[in-house]
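The values are calculated or read from the model by the stated rules, or taken from the named source; none is laboratory data. The shown structure was predicted, so the numbers you read here are calculated from the model rather than taken from an experiment. Here the Cβ positions follow ideal geometry from the backbone for every residue, glycine too, while neighbour counts run over all protein chains shown.
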Ligand SMILES: [Zn+2]
Ligand SMILES: [Zn+2]
Ligand SMILES: [Zn+2]
Ligand SMILES: [Zn+2]
Ligand SMILES: [Zn+2]
């Protein structure tokens, strides 16, 4: 009975594991979005000018972080990212923007997907004058060059902690072909380690060398992801910033560096409210159609075409007529 059961048991175990994972992920993301509001920890925002603000993070997006001080009667204070040097909980602008997009995912602008900006039409996002730009003469493919960190070996560098690694200490190859290293301590004590122990720490605190387990910094790998190329092995070309061409700034977007305010949402990153939303809720929900937002445009346009009315100016009665018309 047991053998034929095992495949299904196995798959149900996999399903169970997936469910657990899913619940964990959902809990984690809920926890993250709640972190920005209720259960937010008290953080200290260090400004570039040396001053700091302390409080609960009540809002954060691409532009600024808003904190509420614990002191009674204090108003929430917003600090633009341009002025922020560091936030004590490690929150970065990228994370704040990503979280903001996640929190607003149902109403993000369709054109820019919440990015608030679009590629400049004149320079196609390069930020360079299209009339005057020339190929970057640095040899590279796609604007990227080999990682500039000379310690980088295929996207990895030696762990900065003193865990066992070939590049530190004296390693001797013994008759078995493996490399060994000897640590000498107080009172003639010694410890022999082999290359099989790369990534482990050696504790010498009491003068006697002892193995102290996997290095937590590199998780026992003796190497960490190269901080320069983030493990990519390539970095954006320094000369052309990865664009592939060089030239004077684009006359249209200038300091925007190839980006302009998204015209569709006016730079808010959010879908502008459909005009019909001022009408009675049942009618507007009806007009939007069962498909929700996607149908809004077409059905709304249909109504306008059929009735010659613009939805928000219509009294509710004519909208109902319009609805009947559209349904027949
Ligand atoms: Zn431009
Ligand atoms: Zn290490
Ligand atoms: Zn690298
Ligand atoms: Zn280049
Ligand atoms: Zn937009």
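Here are some conditions: (1) within 30 Å of residue 135 (Cα to Cα); (2) away from ligand 2 (no atom under 16 Å from the Cβ); (3) surrounded by 15 or more Cβ atoms within 10 Å (Cβ to Cβ). Residue 251 meets all but one. Which one does it not meet?
Result: residue 251 fails condition (3) only.
How do the strands (runs of 3 or more DSSP E) wholly within segment 35-108 filter down when requiring 2 or more residues that are free of Cβ contacts under 8 Å to residues at least 24 places away in the same chain: which remain?
52-60, 64-68, 77-80
Give the residues of segment 152-169 that are without any contact (Cβ under 8 Å) to a residue 60 or more places away in the chain and in contact with a strand residue (DSSP E or B) (Cβ under 6 Å, 6 or more places away or on another chain), sorted by residue number.
Across segment 152-169, the qualifying residues are 163, 164, 165, 167, 169.
Listed here are the residues, each with its yes/no results for (1) within 16 Å of ligand 4 (Cβ to nearest atom); (2) in contact with a helix residue (DSSP H, G or I) (Cβ under 9 Å, 6 or more places away or on another chain); (3) in contact (Cβ under 8 Å) with a residue 40 or more places away in the chain.
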position: 223; (1), (2), (3): no, no, yes
position: 226; (1), (2), (3): no, no, yes
position: 236; (1), (2), (3): yes, no, yes
position: 247; (1), (2), (3): yes, no, yes
position: 263; (1), (2), (3): no, no, yes
position: 266; (1), (2), (3): no, no, no
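Looking at segment 255-270, which of its residues are modelled with pLDDT under 90 and in a loop (DSSP other than H, G, I, E, B)?
257
Take the residues in segment 134-156 that are away from ligand 4 (no atom under 12 Å from the Cβ) and more than 30 Å from residue 97 (Cα to Cα); name whichever of them is surrounded by the most Cβ atoms within 10 Å (Cβ to Cβ).
Among those residues, the one meeting the criterion is 152.
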